[in-house]
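A.B. asks: Here you go, one structure.
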Amino acid sequence: MLYISPQTENYMAVRGQFSNKLGFIMAAAGSAVGLGNIWKFPFEVGQGGGAIFVLMYLIFCFALCFPVMVTEIAIGRKTQRNPVGAFNALGFRNWNIVGKLGILSGVLILSFYNVVAAWAFGYVFEMAVGHFNVGAGFGSAESAYTTDIVKIGIYGIVFMTATAFIVNQGVSKGIEKATKILMPTLIIMILGLVIYSLTLDHSMKGLSFYLKPDFSAIKGKVVYSALGQAFFSLSLGMGALITYGSYVSKKDNILSSAALITLMDVGIAFIAGLMMFPFVAYMSNGTMEGVSGGPGLIFAVLPGVFESLGTIGPVIGAIFFLLLSFAALTSTVSLLEVPVAYAVDEHGVKRKRAVWLVAGLIFIIGIPSMLSGGYSEFFTGFIQYVKAEKATDFLTFVSDTASDTFLPLGGFLITVFAAYAWKRNNLEEELAQGASKYKGSFLSKYISIAITVVCPLILGSIFILTVLSKFFGVQIFA
């Protein structure tokens, strides 16, 4: 196999580069915006007590996640390499285990993410061909649908193929071009559904729950959950932003780009809530019952809402799940790009071959998650955590391990590396390129303190608390 060194003049031509700052912002925001914003965020808000969770989430995104984001992008741009190659290029080969952890996290997340995306994509098709007719019981059909392994398998193959096709086109012609189309379309669709949801009965009850904070609801568990959701939704800790950062021009301002990415991510999560909670209020006649129903809020509860809307229900439902599919696609593209970049950079695999081999492998790894929706008794009751009342299915186990555990660990290790191995002054030098007034500024001092003390302390604590609570039943927060 042909290996092209970063020192050769053809290196960047092979790897590719974002054509401009907007292309990078759209692609990185697309990576951040996904099922975490539209599928996971609303039920986290419901379980976290509504508006107070939203307030905590917004604070954490900008105060704690932003420094981690700029650090990852800076490492990628400095080295122009994938998460493993970046640490090697900086001269810290012993630290490349952090990059390997990130790639493993991305592979595992994409393996189950593709299954959830297949559910969403399949709902669009099922409604379009009339399999979910009004009166047939959208919600009651959900269990039978997720256990139809043939249908879910076909939808999963189609979705993974679409993801691979975009990544195969390269950075500028594939990822950047696709996200420039998908992101505006996504926003328009959400806003359309927000406007429609506000016309429904009891919609103001839903908005009140979502926007009126109850400060008495602030508890350790709410704070912990909000920080975890912020970190997950911004795609931190898995090497995606190191990889995307490696395609960024030295002339671009990382700080302003990261601020816009964060703003776009939280903005879409926020308006997703404006869409979701009026729907829940309508369904519950204003009682907000079922708002904390977990992941099923999307795939079991909402279809019941669409059913109750009469003949327009299938249309609204199809648009909603098409929206969910678009959001998923912007993230699956970035998740696939990370291991692909690793194969191209470190092993000299040609991009086209790397894309299809990695995509196929990840699809196979995701088959147990596909079977865990009730089709296979073994994978549906895969493991029982210590002190848990019932067994956990394989998909949830992978999510608990890769998303909730590996990501904060990866973020912790990245900030420790930047502060104590690579050193803060080197990070500052990289961030100052494209931002001439950065050195000595308040933001410079804040980021320095954040990656040295605040972020390692909090992310390390989240990792420990997650392991204790999820896998060993030790609940620190009530």
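A.B. asks: From the list Thr199, Thr146, which one is touching a residue at least 40 places away in the same chain (Cβ under 8 Å) and of a type outside the set (Gly, Ala, Ser)?
C.D. replies: Just one listed residue meets the conditions, Thr146.
A.B. asks: Quick check on Val194: is it in a helix (DSSP H, G or I) and among the aliphatic types (A, V, I, L, M)?
C.D. replies: Yes.
A.B. asks: Find the residue count for the stretch 340-369, including only residues that are assigned to a helix (DSSP H, G or I) and open to solvent by 10 Å² or more (accessible area, probe 1.4 Å).
C.D. replies: 18
A.B. asks: Quick check on my filter: what residues within the stretch 370-380 are closer than 18 Å to Lys470 by Cβ and either open to solvent by 70 Å² or more (accessible area, probe 1.4 Å) or modelled with pLDDT of 95 or more (or both)?
C.D. replies: Of everything in the stretch 370-380, nothing turns out to be closer than 18 Å to Lys470 by Cβ and either open to solvent by 70 Å² or more (accessible area, probe 1.4 Å) or modelled with pLDDT of 95 or more (or both).
A.B. asks: For Ser461, which of the numbered conditions (1) crowded, with 18+ Cβ neighbours inside 10 Å; (2) in a helix (DSSP H, G or I); (3) not hydrophobic (A, V, I, L, M, F, W, C) fails to hold?
C.D. replies: So the condition that Ser461 fails would be (1).
A.B. asks: Here's another thing I want to ask about it. Run down Ser172, Ser233, Ser216, Ser197 and say which single residue is surrounded by 15 or more Cβ atoms within 10 Å (Cβ to Cβ), among the small types (Gly, Ala, Ser) and farther than 29 Å from Ala354 by Cβ.
C.D. replies: Ser197
A.B. asks: Something else now. Does the stretch 389-436 hold any residues that are over 28 Å from Ile449 (Cβ atoms), open to solvent by less than 30 Å² (accessible area, probe 1.4 Å) and not hydroxyl-bearing (Ser, Thr, Tyr), and which are they?
C.D. replies: Answer for the stretch 389-436, where residues must be over 28 Å from Ile449 (Cβ atoms), open to solvent by less than 30 Å² (accessible area, probe 1.4 Å) and not hydroxyl-bearing (Ser, Thr, Tyr): Leu395, Val398, Asp400, Ala402.
A.B. asks: Would you be able to tell me the number of residues in the stretch 444-458 that are among the aliphatic types (A, V, I, L, M) and open to solvent by less than 60 Å² (accessible area, probe 1.4 Å)?
C.D. replies: Qualifying residue count for the region: 5.
A.B. asks: Could you check the stretch 178-218 and list, in sequence order, the residues that are among the basic types (Lys, Arg) and under 20 Å from the mean Cα position of the chain (by Cα)?
C.D. replies: Passing the criteria: only Lys180.
Quick grid of which residues meet (1) assigned to a helix (DSSP H, G or I); (2) modelled with pLDDT of 85 or more; (3) of a type in the set (A, V, I, L, M):
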position	(1), (2), (3)
Val107	yes, yes, yes
Val134	no, no, yes
Ile152	yes, yes, yes
Ile157	yes, yes, yes
Leu182	yes, no, yes
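A.B. asks: What are the pairs, 6+ residues apart or on separate chains, where a residue within the stretch 429-444 that is within 22 Å of Ala63 (Cβ to Cβ) has its Cβ under 6 Å from a residue that is modelled with pLDDT of 95 or more and β-branched (Val, Ile, Thr)?
C.D. replies: Correct list of pairs: Leu431/Ile254.
A.B. asks: Output the residues belonging to the stretch 201-230 that are aliphatic (A, V, I, L, M) and in contact with a Leu (Cβ under 8 Å, 6 or more places away or on another chain).
C.D. replies: Leu207, Leu227, Ala230
A.B. asks: Identify, please: which residue in the stretch 408-456 is aromatic (Phe, Trp, Tyr) and in a helix (DSSP H, G or I) and is, among those, nearest to Ala258 (Cα to Cα)?
C.D. replies: Checking each candidate, the answer is Tyr446.
A.B. asks: Scanning the stretch 283-306 for residues that are over 25 Å from Gln229 (Cα atoms) and open to solvent by 50 Å² or more (accessible area, probe 1.4 Å), which turns out modelled with the lowest pLDDT?
C.D. replies: That would be Thr287.
A.B. asks: Could I ask something else about it? If I filter the stretch 69-86 down to residues being part of a helix (DSSP H, G or I) and open to solvent by 10 Å² or more (accessible area, probe 1.4 Å), which single residue comes out as farthest from Leu104 (Cα to Cα)?
C.D. replies: Lys78
A.B. asks: Of everything in the stretch 89-114, what is more than 14 Å from the chain's Cα centre (by Cα) and in contact (Cβ under 8 Å) with a residue 24 or more places away in the chain? Give them in sequence order.
C.D. replies: Result: Ala89, Leu90, Phe92, Trp95, Val98, Gly99, Leu101, Ile103, Leu104.
The values are calculated or read from the model by the stated rules, or taken from the named source; none is laboratory data. Just so it is clear, the structure is predicted and the values come from calculations on it, not from any experiment. Because the Cβ atoms are built from the backbone with ideal geometry, glycine has one as well, and the counts that use them run over all protein chains shown. Side chains are part of the model used for accessible areas, which takes the heavy atoms of the whole protein and leaves out ligands, DNA and RNA. Shrake-Rupley method; radii C 1.70, N 1.55, O 1.52, S 1.80 Å.
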